[in-house]
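Accompanying notes for the structure given below.
The values are calculated or read from the model by the stated rules, or taken from the named source; none is laboratory data. Because the structure is predicted, anything quoted here is derived from the model rather than measured. Ideal geometry is used to build each Cβ from the backbone, glycine not excepted, and the neighbour counts take in all protein chains shown.
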Amino acid sequence: SSALVWLRRDLRCDDHAALYHALRRFDRVYCAFVFDTDILDALPSRQDRRVDFIHASVLELDSGLKALAERSGAPGSGLIVLHGPAVDCIVQLAQKLGVQEVLVNRDYEPQAIARDQRAAQVLQAAGIALSAYKDQVLLEQEEVMTQQGQPYSVFTPYKRAWLQKLDAFQLKPYPVERYAHHLAPPPCVEQIPSLQALGFAPSNLHALRLPTGMQGAQQLLRDFVPRMSLYHEARDYPGRKGVSYLSVHLRFGTVSIRQVAALAQQQSRLGDEGAQTWLSELAWRDFYFMILWHHPRVVRQSFRQAYDRVQWDDAPELWQAWCEAKTGYPLVDAAMRQLHQTGYMHNRLRMVVASFLTKDLGVDWRRGEAHFAQHLNDFDLAANNGGWQWAASTGCDAQPWFRIFNPVTQSQRFDPDGSFIRRYVPELAKVPDKHIHFPAAMKPLELQACGVQLGQNYPLPVVDHAAARQRTLMRFHFLRDDA
Ligand code: FAD
């Protein structure tokens with residue numbers, strides 16, 4: 001008997017649900033990845049750090065599968081890599097290989113669900129089954145529900161129930177090695193297409209030294225584990241190394257969510273506050289996947305439907321200033337430059353810039369969400385939509401509409417010495433700590449002494465925060481009974 005494992009956002013060959021089930025149940029197991037033109041063709045740029053990341057991780061996965069086969073005495077293995085519309089490619093391959101089943105790890109995004117339904121139908125017509133497994137999240141779909149059998153929409157009770165369900169069974173790794181002798185060599189040896197052959201030019205990913213693939217994920221994890229106990233204290237300061245930087249690996253599955261959660265749970269049970277807080281972040285991740293799966297309409301609409309009556313401004317100049325990191329609010333500008341230069345943005349800053357766009361500039365959260373989707377290495381529909389709707393107050397368990405971040409006090413609290421700002425806005429490098437959060441408040445002579453010419457080498461503030469705050473309160477005022 002033979003089967004095909006179709007890998008998508010699960011680019012690893014250890015602790016992998018679909019691969020484990022295939023190896024256990026079938027004598028010959030093939031593995032394939034498709035550079036899906038339905039996704040790649042829609043990308044706005046031919047230079048994309050995510051395509052680079054996937055490409056490097058796919059090469060490593062191919063070597064990983066070969067090494068796994070060799071260690072287990074299998075006749076050989078390797079990844080079959082295709083380039084084209086994913087469903088067509090997989091169906092043709094499955095037929096060519098003559099497999100009985102295609103196995104995948106389950107996806108929760110509406111487009112991916114539609115793709116998998118289409119694949120299941122076409123495969124079924126060809127007499128091939130498609131089976132899907134939970135791998136991407138810890139607890140999925142209807143595994144965590146209220147006592148009334150409804151999906152949760154408030155995080156704290158969800159987390160309580162989630163922690164109760166997260167037992168040793170849920171965190172158990174899938175021992176792929178034990179059955180790896182069932183790996184089968186690809187029928188013909190074809191070169192993995194180069195980035196250029198896929199129609200892409202290299203990005204600056206490698207210059208950023210962002211480690212890719214399974215080994216890259218383990219490297220970041222080794223670096224983070226000794227810092228985990230300090231996470232609750234350090235995580236809010238973008239100038240400090242307080243977070244794990246694992247999001248891109250969790251996005252593409254180069255690390256198993258079970259592995260990282262098991263480490264956090266172990267430390268958390270010893271009373272480690274840092275580990276408890278980090279585990280909560282993993283719960284937020286599952287929470288937003290669950291919300292998206294139960295309420296796919298959030299892709300276009302506010303979770304709280306009354307909030308779709310909010311009248312956003314069409315403010316082309318303000319929108320442009322935000323996109324170009326020229327708002328005159330140094331922390332906002334530094335954050336946007338971090339995003340554009342590296343594809344990463346610290347969580348505190350995601351909250352600050354999302355709040356700034358929606359509550360200071362009055363621009364629809366969907367536009368900010370789309371901008372993030374284009375630039376974030378770790379872009380994930382569920383978390384991104386959840387984060388934006390949280391900041392805009394339109395989401396489930398969101399920031400209340402009358403709570404509006406002050407971009408200057410956020411800066412004073414979370415980048416007190418301005419070290420993060422100075423890293424990305426060097427034109428303000430000489431501004432004293434006291435003024436770096438809002439140079440517009442400096443006297444002309446003070447500005448001159450630091451080499452800053454407002455409106456010339458650094459912008460004047462595009463809005464007055466106090467006035468913008470009042471406008472936002474008015475914008476949301478019709479929701480006052482919702483307060
Ligand atoms: P850590 O602090 O080390 O957290 C560990 C992991 O927990 C993360 O890698 C991530 O998988 C998960 N996580 C942490 N915070 C959240 C959260 N609030 N929601 C869901 N999962 C979380 N995260 C994404 O992975 N992709 C996105 O597209 C995304 N867009 C966001 C947009 C906005 C407006 C906001 C406010 C948040 C967004 N987040 C997103 C959540 C969070 O900012 C990132 O997960 C985090 O900054 C990634 O850095 P890290 O891996 O060092 O995180």
**Study point:** Matching residues in segment 442-463 - criterion: being loosely packed, with under 12 Cβ neighbours inside 10 Å and either under 27 Å from T358 (Cβ atoms) or β-branched (V, I, T) (or both)
**Key:** G455
Point to revise | Hits in segment 69-85 (condition: of a type outside the set (S, T, N, Q), touching a residue at least 12 places away in the same chain (Cβ under 8 Å) and more than 27 Å from R209 (Cβ to Cβ)) | key: A69, R71, G73, A74, P75, G76, G78, I80, L82, H83, G84, P85
Practice item. Just name the residue that is modelled with the lowest pLDDT out of those in segment 448-483 that are over 18 Å from W322 (Cβ atoms) and in a loop (DSSP other than H, G, I, E, B). Key: A483
Check your understanding: Pick from segment 218-255 the residues that are of a type in the set (A, V, I, L, M, F, W, C) and more than 11 Å from the ligand (Cβ to nearest atom): which of them is nearest to R413 (Cα to Cα)?
Key -> L230
Check your understanding: Within segment 401-414, is even one residue within 13 Å of the ligand (Cβ to nearest atom), touching a residue at least 24 places away in the same chain (Cβ under 8 Å) and under 20 Å from the mean Cα position of the chain (by Cα)?
Key -> no
Exercise for review: Evaluate segment 440-447: report whether one residue or more is over 21 Å from H346 (Cα atoms), assigned to a loop (DSSP other than H, G, I, E, B) and either more than 24 Å from the chain's Cα centre (by Cα) or within 16 Å of the ligand (Cβ to nearest atom) (or both).
Suggested key: yes
Exercise for review: Could you tell me whether segment 161-177 includes any residue that is within 25 Å of R348 (Cβ to Cβ), outside the structural domain of R28 (by TED's automatic domain parsing) and in contact (Cβ under 8 Å) with a residue 40 or more places away in the chain?
Suggested key: yes
Practice item. Examine segment 345-359 for a residue that is within 7 Å of the ligand (Cβ to nearest atom), among the small types (G, A, S) and closer than 23 Å to Q311 by Cβ, and state whether such a residue exists. Key: yes
Review point. E281: acidic (D, E), at pLDDT 95 or above, near the ligand (Cβ under 9 Å from one of its atoms) and at negative phi, yes or no?
Key: yes
Point to revise | Among residues of segment 327-370, those that are more than 13 Å from G387 (Cβ to Cβ), touching a Pro at 6+ places or on another chain (Cβ under 9 Å) and of a type in the set (D, E, K, R), counted | key: 2
Review point. Looking only at segment 206-220, which residues are closer than 21 Å to S268 by Cβ and either hydroxyl-bearing (S, T, Y) or surrounded by 18 or more Cβ atoms within 10 Å (Cβ to Cβ) (or both)?
Key: A217, L220
Exercise for review: Test S153 against the criterion of being outside any helix (DSSP H, G or I), within 29 Å of L68 (Cβ to Cβ) and of a type in the set (S, T, N, Q), and give yes or no.
Suggested key: no
Practice item. Just one of (1) in a helix (DSSP H, G or I); (2) touching a residue at least 40 places away in the same chain (Cβ under 8 Å) trips up L208, so point out which. Key: (1)
Point to revise | When residues of segment 107-118 are limited to those that are of a type in the set (D, E, K, R) and under 17 Å from the mean Cα position of the chain (by Cα), the one farthest from I291 (Cα to Cα) | key: D107
Check your understanding: Which of the residues belonging to segment 135-165 are more than 18 Å from P296 (Cβ to Cβ) and within 20 Å of the chain's Cα centre (by Cα)?
Key -> D135, L138, L139, F155, K159
Exercise for review: Starting from residues that are among the small types (G, A, S) and closer than 17 Å to L473 by Cα, keep the ones in segment 382-405 and report whichever is surrounded by the most Cβ atoms within 10 Å (Cβ to Cβ).
Suggested key: A392
Review point. Does V104 fit the bill of being crowded, with 18+ Cβ neighbours inside 10 Å, over 21 Å from the mean Cα position of the chain (by Cα) and not in a loop (DSSP other than H, G, I, E, B)?
Key: no
Check your understanding: Of the conditions (1) more than 25 Å from D107 (Cβ to Cβ); (2) surrounded by fewer than 19 Cβ atoms within 10 Å (Cβ to Cβ), A370 fails just one. Which one is it?
Key -> (1)
Point to revise | Residues that are within 8 Å of the ligand (Cβ to nearest atom) and touching a residue at least 40 places away in the same chain (Cβ under 8 Å), drawn from segment 369-380 | key: D378, F379, D380
